[in-house]
Structures are given as structure tokens and as C-alpha cells.
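What follows is a short report on a single structure.
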Amino acid sequence: MSFNTWLPVLLLCSSLVPGLIIFMLPERATALRTTLNLGGAVLKIVLLVLMMIGVFHGVDYEFRVPLVPGLDFVLHADALSLMFVNLSAVLWLATTFYAIGYLENSPNRSRFFGYFSLCVTATVGLAMAGNLLTFLVFYEALTLTTYPLVVHRGTEVARKAGRTYLAYTLLGGVLLLTGTVWLYSLTGTLEFIDRGFVAQAGVDPAVLRMVFLLLILGVGVKAALLPLHAWLPQAMVAPAPVSALLHAVAVVKAGAFGVVRIIYDVFGIEFAASIGVTLPLAILAAATIIYASLRALFQDDLKRRLAFSTVSQVSYITLGVAIAGPIATIGGLVHLVHQGFMKITLFFCAGNYAETLGVHKVSEMAGIGRRMPWTTAAFTVAALGMIGLPPTVGFVSKWYLGLGALEVGQHWVVFVLAGSSLLNAAYFLPILRTAWFDAPPAEWPEERDYGGKETAWLLLLPPLATAAATLVWGLLASMPGTPLDWVQFIAARKYAP
Amino acid sequence: MSEWLAGAPWMMLAIMLPLSGALVAFLLPRHSALVGLGASLLTACAALVVMLQVAADGRQAYRLGGWPAPLGIELVADGLSVLMLAMTAVVGVAVSVYARVYLADSPDKVRRFWPLWLFLWAALNALFQAGDAFNLYVTLELMGLSAVALVALSGSGPALWGAMRYLLVSLLGSLSYLVGVALLYHAYGTLDLALLSERADGGLQLAVPLGAMIAGLLLKTGLFPFHVWLPPAHGSARAPVSALLSGLVVKASFYLLLRLWFTFTPEGQGVPLLLGSLGAAAIFWGSIQALRQKRLKLLVAYSTVAQLGYLFIAFPLAELEPALAWSGSVYLALSHAMAKGAMFLAAGSIMTQGGHDEIDELDRVVERMPLTLAAFALAGISLAGLPPSGGFVGKWMLLQAAMTQGSWFWALVIIVGGLLTATYVFRVLGFAFTKSPHEHERHDVPATMEWTALVLALGAVLLGFAAPWALPLLEGVLP
Amino acid sequence: MNLLIVLPLLPLAAAAWLAISPRFVPVAPVAGGWVVALCATFTIAVAALVAPDRLALPMVFVQGNAALVLDATARAALLLFGGLWLMAGLLLTRARDEGPGAVMVLIALSGANSLALAQGGSLVYAGMVAAGYGFYGVIASEQGNAWRRAARAFVVLLVISDLLVFELILSATVKPGVVMPEAGGMPASLLVIGLLALVLRGGIPPAHGWLPTLLAAVSPATAVLAVAPVAAALFGTMKLLPDGAPVLALGSLALALAGVAWSLLAGLCQGSARATLGYALAATAALLLLALPAGPGQAMQLAWLALGLLAATASLPLVALQRAGWKRDLAVAAALLAHGLAGGYAAAHAASVLPAGISLLGLPVAVAATLLLTVAARRSRFLAPADRAAEAAYLAFAPVIFSLVGTGVAWTASWPGLSAAAAAPLGITAGLVAYRLLPASARMEPGDLLLAVERASAGALHGGRVLCVNGLGAARDRLEAGLLALWDGQRWSARVRWLDLRLRAWPATCLFMLTVALAAALLLLQ
């Protein structure tokens, strides 16, 4: 076994090992814990860069051990998985910084950071899963590692939210399991390959449609597709870094990534379109987009509003994939990254408001821009991105989605996008107006003193960094090295030449 | 040296070591804990060596006193036996390590526990290596009696009541089995399994004894609707005892059933369907009851009822996919032993710490004993069949068997059962994370107890990766 | 470093500097005003002095055709925006406690500058968005609450219009053979979308409600800048539909006629000068809409005409700061003249694509626009405090000069014929007459139909809230509760307990055992 074989495992261990060590650390070992956390995060990025260069030059990274008879546990790094790993790794670093600042002096930090690392491990594993079985392993692992984070606060509300979370996600896992076993019994393989392995199996399309339904419902729970989205707003009781991670990187994205994998590497997009499953999926995604935006419109709780916004935005990815055209694929995949950066910024900012001023509701945000201009600036950039306005990355996603839809003649998608943008504007712009232009109250609900500064540095820098990325990648979209560039590299492989 | 090691009668030793350990522990009550621990480790080593031998050379047989089968006692170890031996060894060592610390503050119990437990172990090892139906009966009876005594160990009212019920059930089951054995001997003139499998020809003379034996074994296994004795006995015993009962003892009678089944390989779909249906009913009933329990140990005990049901799902699936179904079932049994052992040990730690095991009042146990809770959670993961645990591999194989032959009903049972399992496991975890409104006294729990449970639970989870090495052992054993 | 890239970035940098440096907080309006004026001066200087230039920005946005271009259109636009912001900046330096925030004004300037220079669909779109939202920020950073209604209406229209523009560039990109901005021949549906977007964001009736409301409510600086969104909409559309949309000439004529008639009616019924000015601006915008289908024409007259018309309109809020006297009269007269001449030219320009029979119908539109502006000028009363009047006397000349420059360039570049000059005298005379005959009185709410629209949308919003929160949400919650009740309901639990007790009884166990044994034996026999 060469170094290249072990590189995916190392990538996994760079968060797994720190996580396990952190569990053992006493509560007061702050410095060591921080070092471990950040060290792991940085190491992961270094390894990742190494692998990205390798993959770009055609190196194959694969680690394989047998698990179930006839099936292996496979970690395989291709361009698509590295994109997702990249998103996780970078945002993990940002969130770690943020969480260190956010949880300063709060109890149970060892537990928190331990599970936090495990959660990222599961995400990275999920990204690198080389077959559906491995994907399933990490999909369930993700459920399990995020549960303690959701109930971290230990209140009755948190317990109930955790219960709902599990009820949905475990159900999803089971559906995915059923679909996977069924598929395996039909085709005898589960390996992800470009353009899918199902097409060669020669199975009855009616059966395949059922399998597709099971698999998509399974991952759709985490991707918060329409009837299965209710856990997400409830999971908002978790601390802000967790929400940020859940929404931007880990859970929701795992679902969306699953949709991508199933459509491209299991069924193959052309085949999926030929058995007529992509159009219903696209319609479902579109319905989710509109419905969740409508729900978001009337939420006063900031985090809940953002949660519904996530439900809506994540379905862009599904939509892009389900439109089944190369350009729409770029739009969907790139939105995976873009939405991550935008949404994590929003959640960081919401956390800052809550932590610094005790502001949790939109109606309490009057004039907050004057008290916390930098945070609000970051929030503004991300919110404009959500609406899809240039020069943010949201525009780039929307552009490719719209273009892709028109390219294959699905004109209705453009109306969905327009409606969603309109609704996004309707629920984000009032926040921006009240934050910047309304008169601030005489006293904030629960103000904490940061020595005359706006807030702690560790709370401020992560959202600024992610907001800056949102802006720069949006403005210089055609620059080499952006997520868009990498996604175009991926999309070229997923379509038959 | 190595030749001598290889030539030693390891199969015999696997039985004699715990037996003599039990004697010594009985005779030296002051040092019983030390003796017991030593004997456990040695026994485990012996079992391991047997397993290695079988893995290397295939089926092993050992004749006691050198007489051939019809006259003397023959010990037989094949893949299935050694897997069970290994399971017993792993759980046994963990329980021994745990029990030494757990029972440290009640010397009178220590005195009685170790001889009984080692005796039980000897009976188990003998059962797994027994080659004829009568020896199986004897070992089954020995095992049952020592298990009953172990339940009575805790001395509390419910425990004695539970032990009494367990005793009666155990006797009834053994009786039924004995009737079957007697009828078999009458019909075929031998009890050696290998010979029986050659001579058995079906018809009434086989059907009646087999029916009696199956019923007796089901009663002893605690399959629905014979599970009624199981929760009181397992729920009221001391934690290490519960771990042994749930993890190992019920598996022994299941093993016996498998042996008989593989020996006679009855034709027809009727009995498998009957067993499978009872298994499905057990899964649902056990899970529903587990969900309704207020006490942690009872919840875990009912979970055993449910999980035992899974083992029987293999019967109806085995007709078309024998290899997949049986390996899945055996693998589930293995992982259940480890997971349930870990779960009971963790429950024991939680009970020691808080002085109670009310689920609603777990009151942030996670903060005080994270390791124990992690053990509980990991064990729960394996039980629920979440990847990559041993339970997952077992359920995967069962599911695959069901799906390949299009048996949607069984697939649905397996899946819904897994969901129900997850539900009751996470019900406990949810309360463990939540603050309770009441105050509770707290006791310190030795780290050994916490770690033992955790290691065992980790073993259950990592067992998933052991499948490629463990399952080939079963080749040739399965019909 | 290319000067063109500096144009959008300089105001942004200045805004960031103002925002960061806390020293300027107490004197922000004054210091900020000077910064704004300086940046605006730079814009004007670039527009006036720099030779035509093009800076390709292949990495910006997704199409790869983005570029900053300084051509005739850009020059006119830059002059207009520079002039407007110069006025606003200078007004800000005198503001005590009113007026928009300098930071927002600078951000809006950055957007306006980038729009003026932008080329290539998405960059133009970005410029339009930045200018639009920047202007919204300018309004919203006003003191008090009077601006809210207008700003809300504006931003709603802006968002919808943005979506239409997005749709336009998207569709234009995907249609084979249509690569903007070089080739013509866009399908009519796209042209309609483009014009619709212009109507919505450009304050053209019927989407004009926010203009009079806004102008009636804000400080002079913002009132001057209120011309900017109209200009931005126009220039943006000109860049997106480079060859105009001759197909739509009739449609836009109808729209312009109706719009101007409506503006005229509502504008004359206004009480305040500012509200009247709002209608005048709406009428001017309608006039420009009329001229748009003819395309920019040679030497970009349309852009220069827009400069002439809009700068003249922008001078009126400044006139209100002047004392009565010859200076004021001169400024007003010059502004009206420039407006009339430019308007006449615009009508003549529009006539070039109209069918021969109705080609003269453009003229009444131009006349009506000038008429309204005249009435607005006449209704202006001197209101300013004494210390502002001195500068204001000269300040008002600046936009007038820009206006004259625009009109002059257009007229000299290509001669439209003397008939185009008729609009000026006609309009001004009619305006004076109208002012005499119809005394100012508030017979109509500024923004006329806005109130009705607001009521309707508030009702729709309420309905949506009821549907989403009470309807859908509650239905889903009920379903979930029902599913849960299946699981841990009372009756269910009693039944389970009953069954459990039965199962535990000894007779049951024995019976089961017998049954199982017999059943197994029987089944084995078969």
C-alpha cells in the first residue's frame, strides 16, 4: 500500500484523531484543545491541497477494505468529492475559530468540540465515499455525530428538537438503506462511477424508479426536500456554530451531495433522464424552493427565518442536478459551495447578534448596523447573495441554473428562480433595512461588553472572511481557481462526450 | 514448545479451565475474585487457540478418553462453534473485569458469583463443543441452573421472583428437550449428531421429537411469546449477570436450535415460516415494550426480546439464500452478544452512579460519565444496525437475502425493527443529555467499569469490519 | 492602473474610509459632502477629459465579455451622474441635520459609475443593481420616516425589474446567434421584457407612484439624486438593447402617451412643487421611453438627450433654494429651454421609427413634459435658510450647464430640423398658462394610485401570512400530532398493557408451548 492509498485515510484521521483526543481532555485544557482543533483543521487543508493537485494531474487515491461479503468500504478521492471535502475543510476551519470564540467560558466544551470534529470526519468520509455502502456508513455516522450537537444545550426544548431530528434522519437513513440493498440485489455492485452503473445492469425501469424514489427520499430528508424538511427549523435550538455547520456544510449538504451522487454516479444523468425520474425531482425541488421561502417570509425569529431559507436554497442544488443539463449541473454543484459560504456567513452573524447583544428576533434588529457595522456588512453581503444579486456568488449560481434550464428547454425553472429571488428579497431586504436604517433602541436586550469593540475578534473574523469569499468569487467568477472553475472540471466528466 | 502448545487438548482445556477455576474460587472464597479473573483470562486464551486451530485446519474433534463416538464423549469444534466460543470469551473477559470492580464492595456476593459464573462458562463452552444431542442436553441443563443461581444472586425480592420463574421455565424447556432427545434415541438408537444426520429419514418419528425440542429451545431462548420470563430475570439481576444472560445464555439455546436444524435440515416452508413469524412478532412486541419501559434495565431486557426475534428471521429466508441468511443471523447473534453485554454493563454503571435507573431522571448523565454513555450509544448503534457496526453487517445480509428473493415482508420487518430499536436507544440518550428537575445523590464509578463497557461496545461496532475474516469460518458448517 | 477601473472603486474606497474612521462621525455630513463632491468631480473630469478607452475584464462574472468602456453613451452618463452627485455633495456640506448619509451616497455613486462604463450583459446588470440598491440606501439613510412609503414602493419595483433584467440577459445569452451587445435581432418577447424592466425601475407611468411621493418627502440632496434611478434605468436598458427596439415603437408610443397624459392630469392637481416635479420627472421618463425604440442613433444622441432632459429636471430642487431674482429666473429659463429643446429632439428622434401617419404624436409628449416642468418651476417657493441661498444661487447653474451641454451636443451632432424646436416654446407657454389657470392645490394625493396598490398588496400579504402560518403550518403540525398519537395515545397504551398481562400468565405460556410443539411437528410431517 503506497502513500497515495493512505492519503484519504489520513484526511479522515486529521479530524477523527483530534476529536477523539479532545473527548479525553479535561474541560480546562483550553490551549491544548484549541491547538488540536486548529492543527487538525490546518493539516486537513494541507492534505487536501496535496490531493487536489494530485487529482488534477490524474492521480487515483483509493483506500479499500472489505466490509460486507462482496462489498468494500471504499474511500476514493475524485474531483467531486474533493470539492465537498474542500467546502467542509475550509468552513470547518472558519467554524472552529468561531466556535472557540462563541463558546468561551461555556460548559461542556470538550464534548462539543469532540463531536464537532467527529461530525466533520463523517462529512469528509461521506464526500470521499467510493460506493453507496460507504456513503451510507458515513450518512448514518453524520446523523449520530450531529445529534449530540443538536441537544448540546440539554434543555427540554433541545431534547424534543433532537427527537424530531432523529425521527427524520433515521427514517431517511433507513430508506437509503433499503434502496441500497435493493439496488445491490438488482445490480450486484454499488461502486460510484462517472455516468452511473445502473444503466448497464438492464433492470426493469419501473423497479429502478422505485429504487430511485427510495434513495432520493433517503437523502432528501437531509437535503430537506419538501415533505421531509420539518426537522431543520426545529434543530435551530442548537448553538450558532452548530447551526452554521448543519446548514452550510454538514447535514444539509450531505443530503444534497447524496442527490448529486445518486443521480450522477449511481444512475447516470442521461439514464436517469431517460427513465423519467429527473423531472418529478425537479418539480419537487421547485416546490420546496417556493414553499420554504413562503414560510421564511413570516418568521420573526432570525435563525428560524434563516433555516427556512436554507430549506429553500439547498433545493437549488437538487433542482440544478435534476434539470439534467451540463450547465445546470454546474449551477447546482457550484451552489453547493456557494450556498455553504453564504449561509455560514448568515449564521455566524446571527450568532454574533445573539451573543453580543442578545438579539434573536428580526423585530429586535432595528439599527443594529450602527452598533455592529462589520457584522451587519457581512450579513448584508450574504443576504444579497441569497437573493442572487451580482456581484455575489449567488448570482453566479442563479445564472448557471437559469442558463442550464433554458438550454434544455425547461422554461418554467426560470420562473421558479425568479419567484424564489423575489421571496428571498422579500424576507431579506426588510432585515437589511431595519438593521441599517432604523433607529437603534436605547438598550439592547442583553449586551455584553467587548471593551469598546464591536464584538470578539474570533466572532468577527470568520463571517468577514466568508463574506469576502462570497464577494470575490462572485465578482471574479471566471478567474481560474474559483469553485466555479473546479465545478466545470467536474461537470465535464459527468456527461458523455 | 510450540508443538506442545499445538498438541495440547485446547478444546478440553476451554471447558476444564473454567471448571477448575470455579472449584478453586469456591474453595478459596477470599481470593475468589483474583482466581476468577485469572481463570477467565486463561479460558479466553484457550478459546482463542481453538478458534485459531479451526481457522487454520478446519473442523476439529476431540475424543474424551479416546473412545469413538457412539460410546465415548466427543467434542467437536467447527466454524460455528468457535465463533460462539470467541463470543463467549470476549464477553466473558469483559464481564469478569467489570464484575471484579462492580462487586468489590459486597464480599458475600463475590464469593458466590465467581464459582457460579465460571461454572456457567464451562457449561457454555461445553455446549458449544458438544457433539451429540444428550451432551447438549446436559450442558444446557447445567447452564440453565447456574444462570438461575446467578439471577438469584442479587437477593432482592424481584430478583428472587424472577429467578424462580426463570427456573421453572428453564426446567420446562429442558424437559421438553429431554423428551425430544429420548424419542430420538428410541427411534434411531444414537444421539451423535453426525450419525443422526445420516440416519434421520423424516416422518413422524423425527417430527415429534423435533417439535418438542424446538418448543423447548424456543422457551429457553425467550422467543415471543415465551419471552415473559426474560425481562424480569434479566432486568432484576446484577449488571454483570444481566450482561451474561442477555449476551450469552440465550444465544446458547439458539445455537442449539441452529445445530439441530443444520443436522436434520427439515424440508418444507412451514416451520421456518412459523419461526420467522414468531421472530417478527418478537421484534415488534419487544420494541414496543422497550419503548414503554420507565426503567433502563427493563428497556434493555425488552430490547433483548426484540433482537432475539431477528435471529429467527433467517429461517424463512434460508430456503433460497441459505449462506446469506444464516451468516447474517449468526453475525447478528455475535454482535448482539457484545452490544447487549456492553449495554447492560453501561446500565450497571449508570445505576451505580445515580442509585436508580429511571430513564426520565437520567439527568445529564452524559456530563458525569461520558464514557459510559458513549458505550451505551455505541452498543445502541450496533443493535439498531447502523453502519459500520456488526449489527449492520448482520442486518445487511438478512436484508440482502430478503430483497434478492423479493420477500418484501421480511425486509420490511427488518427495517422497521431497526427503526424501533433506534427509537428506544435514542429515547435514553435524549434524557441523558437533558437536565432533570429533580436532584439525585451521586456516587463515583470506578474508571474500570466505564472503560470495560466502552471497549466492549467499541468491539461491537468494529465487529463490522471483522466480517471478511469471521464469515469464511462458517463455510461448510451451513447447509 | 487604468482610470476606468478607478471610477467605480474610488467612491467605494472613500465610503469605506468614511465608514471606518471614527473621527468623521460628528461632522460626517459636512466632511462626507466634500468627499462626495470630490469623487463626483473626478467622475466629471474623466468624462470630460479622457480619450475613449476600453478595459476588458474577462475574469469578471460568468460570460467573459465584461468590459469597462468609455464611449459617447458612457460620457453622457458619467457627466450626468457626476453632475448629480456633485450637487448632492455640495448640498451635503451645508446640511445640518438633514440629508442622506454620505457613505450611502458614495456607494450609489460607485454603482452609477460602473453602470455608466459597463458593457456585457452581466456587468451591466450588476451596475443596474448596484445603482438601484445604492439609491435605495440613499433614500433610506434620510432622517425621519417620511421616505418610507416611497422607498418601499421603489424597492419592490426594483426587485421585480431586476428579475426581468436577469431573465433578459439570460435568455439573450442562451438564444443562438444573439451575443450582446454586438448583434441585433433579439426576439420580440425579450424586447418586451427589457422595456417592462425599464418601465418598472425608471419611474415611468404606471410604475411612477414612488417618484412624486419620494420627492415630496426628502431633502434637496436626495431630491437631486432622484433623477439618478431614472437615468440608470435608461442607460442600463440602452446598453442591454443596443440597437433599440424598433419593433416596439408603437407600444412604447402608446405607453408614453398614456403615461404623459396621466402625469399631466395628476401633476396639475398637485399642491406642492416637489410632487409636481415628481410628475414632471415621470413625464420626462416616459418621453425617453418613447425615444428608446429608435436606438441611440448616430453619435449617441439619445444619451446626450437624456443628459439634457434629466439634468434640467434635476436643477429644479436647487431652484427652490434660490431667492427670487434674475439669477433664479435665468437658471429656470435656461433649464426649461434645454429641456424643451432636448424633448423636441427626442420626439423627432422617436418619429424616425414610427409609421408616417402618427410620427408627430411624439411631439405632444415632449410638450407635456416641458409643460409640467414649467409648472413645477413656477410652483417652487423660496424656502431655504439665508446662509444657503448664496451658494445655491450658483449651484443651480451647474445642472443647467450640464443640461445645456447635453442638448447642445445632441443638436450640433446632427440637426433634427427646426420643427423639433417647437416643443420648447409650446411647452413653456402652455406651462405658464396652466400655472395661471390652475392654482396649486392638493386635489390629488402624491403618487395617486400608490395607495390602492399598497392596500391591495398588504391584503395579499396578510392572506399569505394566514395561509402560511395558520393554514399550511398548522395542517402539517396536526398531521404530525396525529401520527404521534397513533404511537403513544392513551387507548393504545392500555391495550398494550392488557396484552402484556395476558401473555405473562403461566397458562398462556404452557398453551403456547404446546401449540408451538404440535404445530412444528405437524408442519415437519408435511
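The values are calculated or read from the model by the stated rules, or taken from the named source; none is laboratory data. Quantities reported herein were computed from a predicted structural model and do not represent experimental measurements. Ideal geometry is used to build each Cβ from the backbone, glycine not excepted, and the neighbour counts take in all protein chains shown.
Okay, residues lined up against (1) at pLDDT 85 or above; (2) buried (at least 24 other Cβ atoms within 10 Å of the Cβ); (3) on the phi < 0 side of the Ramachandran plot:
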{"residue": "C:ALA258", "(1), (2), (3)": "yes, no, yes"}
{"residue": "C:TYR279", "(1), (2), (3)": "yes, yes, yes"}
{"residue": "C:ALA286", "(1), (2), (3)": "yes, yes, yes"}
{"residue": "C:LEU310", "(1), (2), (3)": "yes, yes, yes"}
{"residue": "C:ALA324", "(1), (2), (3)": "no, no, yes"}
{"residue": "C:LEU330", "(1), (2), (3)": "yes, no, yes"}
Of the residues in segment A:275-295, those that are within 14 Å of another protein chain (Cβ to nearest Cβ) and not hydroxyl-bearing (Ser, Thr, Tyr) come to A:ALA287, A:ILE290, A:ALA292, A:LEU294, A:ARG295
Subset of segment A:155-164, residues more than 8 Å from chain B (Cβ to nearest Cβ) and more than 22 Å from the chain's Cα centre (by Cα), comes to A:VAL157, A:LYS160
Single residue of A:PHE308, A:PHE298 found to be without any contact (Cβ under 8 Å) to a residue 40 or more places away in the chain and within 14 Å of chain C (Cβ to nearest Cβ):
A:PHE298
Evaluate segment A:92-114: report whether one residue or more is within 11 Å of another protein chain (Cβ to nearest Cβ) and crowded, with 24+ Cβ neighbours inside 10 Å.
yes
Please give the number of the condition A:PHE56 fails out of (1) farther than 23 Å from A:ALA491 by Cα; (2) loosely packed, with under 15 Cβ neighbours inside 10 Å.
(1)
Tally time: how many residues in segment C:89-133 are surrounded by 24 or more Cβ atoms within 10 Å (Cβ to Cβ) and in a loop (DSSP other than H, G, I, E, B)?
3
Looking at (1) within 16 Å of B:ARG112 (Cβ to Cβ); (2) modelled with pLDDT under 90; (3) buried (at least 16 other Cβ atoms within 10 Å of the Cβ), which is the only condition B:ALA39 fails?
(2)
Can you find a residue that is more than 13 Å from every other protein chain (Cβ to nearest Cβ), closer than 16 Å to B:ALA252 by Cβ, in contact with a strand residue (DSSP E or B) (Cβ under 8 Å, 6 or more places away or on another chain) and among the polar types (S, T, N, Q) anywhere in segment B:145-163?
no
Residue list for segment B:439-474, filter: within 11 Å of chain A (Cβ to nearest Cβ) and either not aliphatic (A, V, I, L, M) or not in a helix (DSSP H, G or I) (or both):
B:GLY464, B:PHE465, B:PRO468, B:TRP469, B:PRO472
Can you confirm whether segment A:425-438 contains a residue that is within 23 Å of the chain's Cα centre (by Cα), of a type outside the set (Lys, Arg) and within 11 Å of another protein chain (Cβ to nearest Cβ)?
yes
Going through segment A:165-187 one residue at a time, which ones are hydroxyl-bearing (Ser, Thr, Tyr), within 14 Å of B:MET403 (Cα to Cα), more than 7 Å from every other protein chain (Cβ to nearest Cβ) and touching a residue at least 40 places away in the same chain (Cβ under 8 Å)?
A:THR180
Being under 16 Å from B:GLN289 (Cβ atoms) and either more than 12 Å from chain B (Cβ to nearest Cβ) or modelled with pLDDT under 85 (or both) is the filter here, so list the residues in segment C:471-499 that pass it.
C:TRP487, C:ASP488, C:TRP492, C:SER493, C:ALA494, C:ARG495, C:VAL496, C:ARG497, C:TRP498
Which one of B:LEU398, B:LEU419 is under 18 Å from B:LEU278 (Cα atoms) and either within 13 Å of another protein chain (Cβ to nearest Cβ) or surrounded by fewer than 24 Cβ atoms within 10 Å (Cβ to Cβ) (or both)?
B:LEU398
Can you find a residue in segment A:367-374 that is assigned to a loop (DSSP other than H, G, I, E, B) and within 12 Å of A:LEU432 (Cα to Cα)?
yes
Evaluate segment B:131-145: report whether one residue or more is under 20 Å from B:LEU258 (Cβ atoms) and charged (D, E, K, R).
yes
A:ARG153 fails exactly one of (1) in a helix (DSSP H, G or I); (2) surrounded by fewer than 23 Cβ atoms within 10 Å (Cβ to Cβ), namely (1)
When you go through B:ILE350, B:ILE359, B:ILE313 one by one, which is the residue that is surrounded by 24 or more Cβ atoms within 10 Å (Cβ to Cβ), in contact (Cβ under 8 Å) with a residue 24 or more places away in the chain and more than 25 Å from B:LEU85 (Cα to Cα)?
B:ILE350
In segment C:500-526, the residues that are facing chain B (nearest Cβ under 7 Å) and surrounded by fewer than 12 Cβ atoms within 10 Å (Cβ to Cβ):
C:GLN526
C:THR237, sole failed condition from (1) in contact (Cβ under 8 Å) with a residue 24 or more places away in the chain; (2) surrounded by fewer than 24 Cβ atoms within 10 Å (Cβ to Cβ); (3) more than 30 Å from C:PRO439 (Cβ to Cβ)
(2)
Check segment C:447-457 and report whether any residue there is small (Gly, Ala, Ser), in a helix (DSSP H, G or I) and within 14 Å of chain A (Cβ to nearest Cβ).
yes
Would you be able to say whether some residue in segment C:180-201 is among the hydroxyl-bearing types (Ser, Thr, Tyr) and either closer than 27 Å to C:TRP262 by Cα or at pLDDT 90 or above (or both)?
yes
Checking B:ARG238, B:ARG292 in turn, the sole residue that is on the phi < 0 side of the Ramachandran plot, within 14 Å of another protein chain (Cβ to nearest Cβ) and among the basic types (Lys, Arg) turns out to be B:ARG292
Single residue of A:LEU406, A:LEU422 found to be aliphatic (A, V, I, L, M), without any contact (Cβ under 8 Å) to a residue 12 or more places away in the chain, over 22 Å from A:ILE330 (Cβ atoms) and within 12 Å of another protein chain (Cβ to nearest Cβ):
A:LEU422
Here are some conditions: (1) more than 21 Å from the chain's Cα centre (by Cα); (2) at pLDDT 90 or above; (3) more than 9 Å from chain A (Cβ to nearest Cβ). B:SER436 meets all but one. Which one does it not meet?
(2)
Check segment A:441-460 and report whether any residue there is assigned to a loop (DSSP other than H, G, I, E, B) and either at pLDDT 90 or above or aromatic (Phe, Trp, Tyr) (or both).
yes
Is there any pair with a first residue in segment C:201-228 that is in a loop (DSSP other than H, G, I, E, B) and a second that is acidic (Asp, Glu) whose Cβ atoms are under 8 Å apart and which are 6 or more apart or on different chains, and what are they?
C:GLY209/C:ASP448; C:VAL218/C:GLU142; C:SER219/C:GLU98; C:SER219/C:GLU142
Residue check, C:TYR136 within 9 Å of chain A (Cβ to nearest Cβ), under 27 Å from C:ALA216 (Cβ atoms) and either surrounded by fewer than 24 Cβ atoms within 10 Å (Cβ to Cβ) or of a type outside the set (A, V, I, L, M) (or both)
yes
Residues of segment C:105-122 that turn out to be at pLDDT 90 or above and within 12 Å of another protein chain (Cβ to nearest Cβ), as a count:
6
